[in-house]
Structures are given as structure tokens and as C-alpha cells.
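Beneath this line is the structure, given in C-alpha cells, with notes to follow.
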Amino acid sequence: APPECPFCGEAAGRELEEHVRARHGHLLGAPGAGNGEQLYECPMCSLTCTNIQILEEHVDLHLEEHNFSEECYSGVGGNIRDLELAQRLQIEEDERQRSEEEKREREEFKKLQRQYGLDNSGGFKQQFLKNMEREVDRGRMQPFEYHKRKADMMESLASGIDDGKTKTSGVIEALCKYYQNENKDARRVWLSAGVDHFHSSLGDRGWGCGYRNFQMLLSSLLQNSFYNDCLRDTTLIPSIPKIQSMIEDAWREGFDPHGASHFNNRLHGSKAWIGACEIYSLLTSLRIKCQIIDFHKPTGPMGTHPRLFEWILHYYSTDNEGGAKVVCTSKPPIYLQHQGHSRTVVGIEEKKNKSLCLLLFDPGCSSQEMQKLLKQNSDGTGLKLLRKFVGSLKEKQYQIVAVDGVLSLEEKAARCRASQVLTSEKIP
């Protein structure tokens, strides 16, 4: 409430001082008590002064104190209001940032789902048809070819057998001949048993490398009578949708429940990427003995992995230490995985200076490029597609799946139980 005048009680507000002087100046002085002196009483605190100027200064102090208090009160109130406003603005800013962060997280999650084929956008069949339609629209495919390839694709899906249109055979044999005649810097060469190369098609481009590498590995196992009993129900190379169903069957048997939950126990009809754990589960469900080796950190300078090369050399050279320069082993190829891609190791070179070079089949390499390796008079330039030296593999982490025999039914059951807490062997 506005301050009241101490003389008349009228509300005077901030003009109290002027009000007192103008309306009640005559009351500031009062007669003394019998001694002839003029006494002046303060209307605010009853202090008696003998000098009007002293009283005026005294009253001024009261008025200044009152104004100061009022200003302080007003200032504190203003500060409180400013603080409340700042807090409210901060709360609104925090909510805005939290909302934007949640939106970014949702978008990143959807991006990852799309990247790894978990966005329910369809699988091999849908992508194959969509990409063929795009080729027709761009004039790169005739309508009659579209219908023929669609019919072939539907037949392949119905049978569960790969149509073989992305397969190149005979490369390992061509490599063997080349190295036998090559007299440059290769000291020893070890090659896998026969392996067919499979590359990505219109239906799995961008996500099918894991499946294509499994087809490569299986193509070698099917040529080895040692694995006939394990593969009696798989005599031909399965299509990608069929491989997806085979992995789901392995999950239903109890293999790798943690990994299965990552895919919601469903691969068929999706573009989901698979990796070393899915390959391990599938092979083990077929009673094929294998192991996952995890090269979880670089073991050489500049982020390289010499231990990976040494392990692969040991894999191929064990029991194959003969004096021949080129050793065509009975060893199956090796599945090689790193973040975002996988390839198939089909051999290894040891140079005269003792350096090592892996030979890799890449699903991203087309049949046209692989066909160049089949020329008997090759000068070796095509080998650039396959050769990877230690300095070429510099991902942070690699995993391999290596086949090394056949499992009994009891061993398969034991591995199924163990896969429920599946861990790979890590190379220190």
C-alpha cells in the first residue's frame, strides 16, 4: 500500500516528502515547555529538536529511509520476477533440447534400421523387382527381359535354389596355374579347396555380402566328400531367402538366442545384414565344426593386424608343409567379417621377403571382373582384385569363421547350449 502521511493519514505515495512540506510545514515546530525555547517534535518518531533545520534534516532522513526501503522492496520483487522468468525460460529451453534430442535419436535409430535392413521395407524379392523396374524406366532393360528375369527369380524363390547368375567358377584352378608359372616374388602360396565366387545381385545389393560369402563357403564344402553327411539335405547352393530361413531354423533349435532377439527372431523377407555369429549358428546347426576368432584390436603399427595374417597362414600351412611352391589344400575358405562388410579368404601368399598377402573373394566384385582371372595367359594384373597386404586391412576389429571338421550329434547339442552364452575366442 502507498505510504500514508503521518499528520493527516492521506495516501501520499512517492510524493510523501513534498506532501509533508506543502501541507503540514507549519506543524514541524511546537512551543517549548516553560523555558522560552522553541521545541520541534519529529512527526515520525517523536524526537524533540530545538532547531528547525535540524528537525528538517532529521525528517529528510526518515523520508530517504522510507524511499530506500520502498525501492529495495520493488527491486527485490523485480529480481524475483526476473528469476522466475529465467527459470521458466530455462525449463522451456531444456524441454526443447530434450525434444530435439529424442527426435534425433529416433531418426538415427530409423537410419540404422534402414542401413541394417530392419525397417520392414521388404527383402530380396521386393528389392529385385524394384531395381528391375528402375532399370526399365531408365531404358537399360527391355520389358521382355524384365518379365523373363522376374519369372526366373520367382522360380528360384519357389525352389529355394540360387539361380547361379552371379556365380563364377574355376578361379581357384586358374590361380593354381598362374602361381605355378609365376617366378617373381611369391615364395609359397596356399589355396583353399575349390571355391565358386558369388557377387551381389539386384535383389541384395548393399546388404547381401554375408549371405554371398556363405554361398562361397558352402560351394567349397559341397565339393568335399568329408562333409557329405552334414550336407545331404543341402546338395545345391541355396538362395538368399532360403539361407535366411535356414538361419531362423538354427535359432529355433536354440542357437544364439541373444543374436536372434536382435533380429526379433526373423530374417526372411527382410534386408537384414548378417555377420559372423549368424554364420557360426548356421554352420553348427548343419553339424559343421567351426570357430569364431575375434581380432578385437590392431596388433601392429598404423592400426594393422599382422596377427590375423599369421593366424590364417597357420590355418593353411598346418599339415601342408610340403616343398611345393603352390599348395592346393583341402582347407575350406574362411569367412572374414569387419564393420559394414564381409569377404571370403581363399588363400595366402608368402613373399620372398617373408611378408604375407591374403587372397580374398569380395561379393562386391562383379562376374565380369572375376572372369578376367580365368584367362590362362593372365599377367597377374587381375590379382589386384584379390590381394590384400597387411597395410590394406586397417579396420579396428576383424572376426573370422573357420571350418575345421564335423560335429557329432552330441557335440552339436553341446555347442547349441554353449551358444546361449556365445563368446568368440579373442586373440590378445
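General observations
- Restricting the range 287-343 to chymotrypsin sites (Phe, Trp or Tyr not before Pro) that sit in a DSSP loop and have at most 10 other Cβ atoms within 10 Å of their own Cβ leaves nothing.
- Cα-projected label distance for ASP229 with CYS45, points at 7 Å along beta-carbon direction, nm: 11.3
- Only lysines eight or more places from LYS297 in sequence, or on another chain, were considered; those with a Cα closer than 22 Å are LYS388, LYS394, LYS396, LYS426.
- Cα gyration tensor shape of the range 167-426, rounded if a/c is under 1.5, else prolate or oblate by comparing a/b with b/c: prolate
- Per residue accessible area of the range 167-426, 1.4 Å probe, in Å²: 44
- By average C-beta atoms within 10 angstrom, highest first, the peptides 157-166, 339-348: 339-348, 157-166
- R0 of 41 Å, Cβ-Cβ distance ASP94-HIS296: FRET efficiency to nearest 0.05: 0.60
- Normalised contact order of the range 167-426, rounded percent, pairs of Cα under 8 Å and 6 or more residues apart: 31
- Applying 1/(1 + (r/R0)^6) with r as the Cβ-Cβ distance of GLU395 and LEU85 and R0 = 45 angstrom yields a FRET efficiency of 0.30.
- Loop GluC sites (Glu not before Pro), the range 297-363, which have at most 11 other Cβ atoms in a 10 Å radius of their Cβ (DSSP): GLU321
- Shape category assigned to the range 115-273 from the gyration tensor of Cα positions, a/c cut at 1.5: oblate
- For the range 324-334, 3J(HN,Hα) computed residue by residue from phi via the Karplus equation (6.51, -1.76, 1.60; θ = phi - 60°) reads 5, 5, 10, 10, 8, 7, 9, 6, x, x, 10 Hz, glycine and proline entered as x.
- Counting charges near ALA86 (Lys, Arg +1; Asp, Glu -1) among other residues having Cβ under 14 Å from its Cβ returns a value of -3.
- Which listed pairs, of LYS184/LYS331; LYS351/LYS412; LYS148/LYS271, have C-alpha distances above 32 Å, in listed order: LYS351/LYS412
- Length released on extending from ARG417 to ALA158, taking residue separation times 0.36 nm less the Cα-Cα span: 89.9 nm
- Accessible area (Å², 1.4 Å probe, nearest 10) - HIS338: 20
- What the phi angles of the range 380-387 give under the Karplus curve with 6.51, -1.76 and 1.60, with θ = phi - 60°, is a coupling list of x, 5, x, 5, 4, 5, 9, 6 Hz, glycine and proline written as x.
The values are calculated or read from the model by the stated rules, or taken from the named source; none is laboratory data. Since the structure is predicted, the reported quantities are computational estimates derived from the model, not experimental observations. Reconstructed Cβ throughout: ideal geometry from the backbone, glycine too, with neighbour counts over all protein chains shown. The area values use the complete protein model at the heavy-atom level, side chains included, leaving out ligands, DNA and RNA. Shrake-Rupley method; radii C 1.70, N 1.55, O 1.52, S 1.80 Å.
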